[in-house]
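*Asks:* Can you read through this structure? Questions will come right after.
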Amino acid sequence: MELRHIRYFVALAEELHFGRAAARLGISQPPLSQQIKILEETLCARLLNRTNRHVELTQAGQLFLPEARAILERTERAMSVAMRAERGELGELRIAMFPSAPLLARIGDAILAFRKSYPDVQLILNEFESHQQTQGVLEGRVQIAIIRSAVAPVVPPTVRATELFREPFFVIMRLDHPLAKRRKICIGELARESFVFYGDRMGRTLPHQVLHLCRSAGFEPRIGQLANGNATITGLVAAGLGIAVVPEAMCQLQHKVIVSRPLDAADATTSTWLLRRGHDNSPLVNAFCRLVARRSA
């Protein structure tokens, strides 16, 4: 039994006239009669009673009609799903990112634009450390990863890394801190400060960069408190436990007693990179990458 047999039967069952049904299907009447006969032989059931003047459904035909219509509807729906998926209008997009990535306007705007453009796509966002993100892309557990790295990340040959933009470092501190009066803060001025620093669960990129900045200025940071979350860092600074050196995005976590000042130091920036598998040209991946690139240009 072929799909056209079902389509021919439904048209004939609705018209109850071979001439009208044939015209509706865009074929001549003899092929329609032949195909209906083949369908009946396949089913071993008579679906229609025919006379020269009249066509009517048998009981088998009456019961077969709603099932036939359902098959056609499911087929059309399946075709629509496949075509929409090919255009990137349906499916699932899995993205891994560092915790403060959505605070970056360019990333947040790209996520919002993607959601508006592809409302039927399931967007799955997860937080992972950079090395976990790279592995996730390599193994196909995520399709896109957004990571921080001071330099081009070392990735397997099958993973493509694209730098999106650079982000400056800031110093956050309480309003009553003496350095809060400065427009910019030189890295050397932090030598005697107590740092609220990144804990083990916050990855390696930022702590390594901040340590490098301090050591390049000739001092080892005095770490007074470790924190494993962006909001925790902000809260501990607000509680007076020290200052913190953070990327600009984290300054979006505002607190009424905290101010932020740009850090004046050589190479006081961190880069945001997008990772994807080099052979992955799925419409959803391409669409999101275009949105991010457009906002990062």
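FYI, it's all coordinate maths here, none of it is from the lab. What you see is a predicted model, and the numbers here were worked out from it, not measured in a lab. We place every Cβ from the backbone using ideal geometry, glycine too, and count neighbours over all the protein chains shown.
*Asks:* Explain nothing, just compute: Karplus ³J(HN,Hα) = 6.51 cos²θ - 1.76 cosθ + 1.60, θ = phi - 60°, for every residue of region 57-67 in order, whole Hz, x for Gly and Pro.
*Replies:* Karplus values, whole Hz, x for Gly and Pro: 7, 6, 4, 4, x, 5, 6, 6, 4, x, 5.
*Asks:* If each residue's Cβ is checked for other Cβ atoms within 10 Å, how do ILE6, ILE95 rank with the fewest at the top?
*Replies:* Arranged by neighbour count, lowest to highest, ILE6, ILE95 become ILE6, ILE95.
*Asks:* Does anything in region 246-287 have its amide N under 16 Å from the 7 Å Cα→Cβ label point of ALA152, and if so which residues?
*Replies:* Counting only backbone N, you get 271-276, 278.
*Asks:* Mind sorting out which of [x] 1.07; [y] 1.34; [z] 0.93 is the real Rg/Rh (Cα atoms, Kirkwood Rh) computed from the coordinates?
*Replies:* Identified label for the calculated read-out: [y].
*Asks:* Could you please report the charge total around GLY26, scoring K, R as +1 and D, E as -1 over all other residues with beta-carbon less than 14 angstrom from its beta-carbon?
*Replies:* Local net charge: +3.
*Asks:* Distance between the C-alpha centers of region 226-297 and region 1-63? Whole Å please.
*Replies:* 66
*Asks:* Exactly which GluC sites (Glu not before Pro) in region 2-106 are in a DSSP loop and have at most 14 other Cβ atoms within 10 Å?
*Replies:* Counting only loop positions with at most 14 other Cβ atoms within 10 Å, the GluC sites (Glu not before Pro) in region 2-106 are GLU2.
*Asks:* Compute, for the chain, the length of the dipole vector about the Cα centre, with Cβ point charges of +1 (Lys, Arg) and -1 (Asp, Glu) only. Units Debye, rounded to 20.
*Replies:* That gives a dipole near 580 debye.
*Asks:* Something else: Helix 205-216 versus the longest principal axis of the chain: what is the Cα-based angle in degrees, 0 to 90, to the nearest 10?
*Replies:* Its long axis makes an angle of about 20 degrees.
*Asks:* Tally the DSSP beta bridges in the chain and give the antiparallel ones as a percent, rounded to 5.
*Replies:* 60
*Asks:* Mind checking the full-extension length gain between THR58 and ALA217? Use 0.36 nm per residue of separation minus the Cα-Cα distance, one decimal, nm.
*Replies:* Once the chain is fully extended between THR58 and ALA217, it gains 48.0 nm.
*Asks:* Hey, can you grab everything whose amide H is under 5 Å from the amide H of ARG160? Only 5+ residues off in sequence or another chain; H modelled, so Pro and N-termini drop out.
*Replies:* ARG276, ARG277, GLY278
*Asks:* Spin-label point model (7 Å from Cα, Cβ direction): what's the ARG192 to GLU14 distance in nm?
*Replies:* Between ARG192 and GLU14, the simple spin-label model gives 8.7 nm.
*Asks:* When only DSSP loop residues count, what trypsin sites (Lys or Arg not before Pro) in region 115-198 have their Cβ near at most 11 other Cβ atoms within 10 Å?
*Replies:* ARG183, ARG192
*Asks:* Of GLY91, VAL10, ALA238, which is farthest on the positive side of the dipole of the chain, counting Cα position, with +1 on Lys and Arg Cβ, -1 on Asp and Glu Cβ, and the Cα centre as origin?
*Replies:* Result: ALA238.
*Asks:* Further question: Using the Karplus curve 6.51 cos²θ - 1.76 cosθ + 1.60 with θ = phi - 60°, work out ³J(HN,Hα) for each residue of region 166-176 in order, rounded to whole Hz, and write x for Gly and Pro.
*Replies:* Calculated HN-Hα couplings, in order: 10, 10, x, 8, 10, 9, 9, 7, 6, 4, 8 Hz.
*Asks:* If I model a spin label at HIS208 and HIS279 as a point 7 Å from the Cα along the Cα→Cβ vector, what separation in nanometres do I get?
*Replies:* Each label point is offset 7 Å from its Cα along the Cβ direction, giving 2.9 nm.
*Asks:* While we're looking at this one, here's another question. Hey, what angle do you get for helix 105-117 against the long axis of the chain, alpha-carbon based, 0 to 90 degrees rounded to 10?
*Replies:* Computed tilt is about 10 degrees.
*Asks:* Right, here's the next one. In nm, to one decimal, how far is the ASN228 label point from the SER117 one, both placed 7 Å along Cα→Cβ?
*Replies:* The modelled label-to-label distance comes out at 3.8 nm.
*Asks:* I would also like to ask the following. Go through region 280-296 residue by residue and turn each phi into a ³J(HN,Hα) via Karplus (6.51, -1.76, 1.60, θ = phi - 60°); whole Hz please, and just put x for glycine and proline.
*Replies:* Karplus-based 3J(HN,Hα) across region 280-296 equals 8, 10, 5, x, 5, 4, 4, 5, 5, 4, 5, 5, 5, 4, 4, 7, 9 Hz.
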